[in-house]
Amino acid sequence: MPVEQPQAANKTAAAALALGIDLTRLPKHVAIIMDGNGRWAKGKGIGRLLGHREGYKTLRGALLAASELGIGYLTVYAFSAENWRRPTDEVSGLMKLIEQAARDELRSMHQNGVRVRTAGRLDGVPEGLRSALEHGVETTSRNQGITFTLAVNYGGRAEIVDAVREIVAEGAAPETITEETISAHMYNPEHPEPDLMIRTAGEMRWSNFLIWQAAYCELFVTEVPWPEFKPAHLLEAVAAYQRRTRKFGAVLE
Ligand code: FPP
């Protein structure tokens with residue numbers, strides 16, 4: 001009997017198969033810390049906002065590649081709760097860029113079955129951005145493709161604080177509170193925890209991203225700055241992930 005070869009449905013899947021990636025063992029949830037826009041821009045002698053603009057283009061490619069590969073959940077750190085400390089023109093430029101992206105990309109994301117979600121304190125972002133994000137979430141809520149979560153005004157510790165506040169407000173008795181209780185009060189409790197976290201531009205830091213959910217997640221740090229991150233780098237991260245042995249604290253025989 002001929003040996004059945006896995007079939008590639010698209011060019012990302014074909015490239016993955018060529019690299020020896022097993023499409024049946026993909027990380028369900030990939031999280032990305034998109035770092036290095038500023039340094040990339042500085043290296044080119046252009047303004048930081050142009051670096052973020054280039055980062056937006058990269059994100060478009062990464063979302064398409066993740067979706068074509070068959071990754072179920074992609075979560076990206078678009079603006080952290082700490083990013084307010086940046087110069088005001090950079091902050092307002094980023095807010096406008098994310099709003100513009102949310103509006104401009106909605107149609108094509110919706111056509112491609114992308115389900116948009118957010119994580120973070122949206123009550124703290126400008127009204128225009130908040131309504132663009134909420135419109136995107138609502139419009140795509142019944143889609144069945146990749147779940148794409150934009151973390152905006154997001155902090156991992158703030159998320160835990162928000163969870164604890166809800167639990168206390170619900171009047172839970174202390175002895176009934178378990179890890180599952182906390183998990184169930186995260187911003188997107190129905191999402192699986194990330195299996196793979198990618199950080200670009202070489203820093204070996206967590207930067208307060210999904211700190212509760214990423215307890216057992218595999219880290220992949222690349223020197224490549226976010227504006228130069230290509231689908232091939234995503235595949236490199238997935239291939240590295242598949243070479244790791246995940247033990248979740250246990251001993252493997
Ligand atoms: C970190 O690079 C990046 C950010 C704080 C913002 C990420 C935003 C984008 C990729 C823009 C597009 C986003 C969306 C959702 C459309 P950095 O500025 O900290 O880089 P540096 O460490 O080199 O200064």
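Fully extending the segment from Glu180 to Asp162 would add 5.0 nm, taking 0.36 nm per residue of separation and subtracting the current Cα-Cα distance. A Förster radius of 25 Å, combined with the Cβ-Cβ distance separating Arg39 from Ser108, puts the computed FRET efficiency at roughly 0.25. The fraction of Cα-Cα pairs per 5 angstrom bin, counted from 0 for segment 1-89, comes to 3, 11, 17, 18, 14, 11, 10, 7, 4, 2, 1, 1, 0, 0 percent, rounded to whole percents. For segment 82-180, the convex hull drawn through the C-alpha positions has a volume of 124 cubic angstrom per residue. Size descriptors for the chain, from the alpha-carbon set: Rg then Dmax equal 18.8, 66 Å. Can you tell me the FRET efficiency between Glu127 and Ala14 if r is taken as the Cβ-Cβ distance and R0 is 30 Å, rounded to the nearest 0.05? E(calc), rounded to 0.05, equals 0.10. Using just its DSSP H runs of length 4 or more, each adding -39500 (n - 2.57), the chain gives a mean residue ellipticity at 222 nm of -13500 deg cm²/dmol after division by all residues. Under a Gaussian network description of the chain, with springs only between Cα atoms under 10 Å, the residue in Ala184, Ala132, Ala172 that fluctuates furthest is Ala172. Largest GNM mean-square fluctuation among Val168, Val221, Val137, using the chain with Cα springs under 10 Å: Val168.
What percentage of the solvent-accessible surface of segment 21-82, computed with a 1.4 Å probe over protein heavy atoms, is contributed by carbon and sulfur atoms? Of the solvent-accessible surface of segment 21-82, carbon and sulfur hold 54 percent. Pairs from the list Lys42/Lys96; Lys42/Lys247; Lys44/Lys96 with a Cα-Cα gap above 32 Å: Lys42/Lys247. Here the Karplus curve 6.51 cos²θ - 1.76 cosθ + 1.60, taken at θ = phi - 60°, turns the phi angles of segment 215-227 into couplings of 3, 10, 7, 7, 9, 10, 10, 10, 6, 4, x, 3, x Hz, with x standing for Gly and Pro.
Rolling a 1.4 angstrom probe over the protein heavy atoms with all chains in place gives segment 1-88 an accessible area of 56 Å² per residue.
The values are calculated or read from the model by the stated rules, or taken from the named source; none is laboratory data. Note that the coordinates shown come from a computational prediction; the quantities given were computed from them, not determined experimentally. Using ideal geometry, Cβ is built from the backbone for each residue, glycine included, and neighbour counts are taken over all protein chains shown. Note: areas computed on protein heavy atoms with side chains; ligands, DNA, RNA excluded. Shrake-Rupley method; radii C 1.70, N 1.55, O 1.52, S 1.80 Å.
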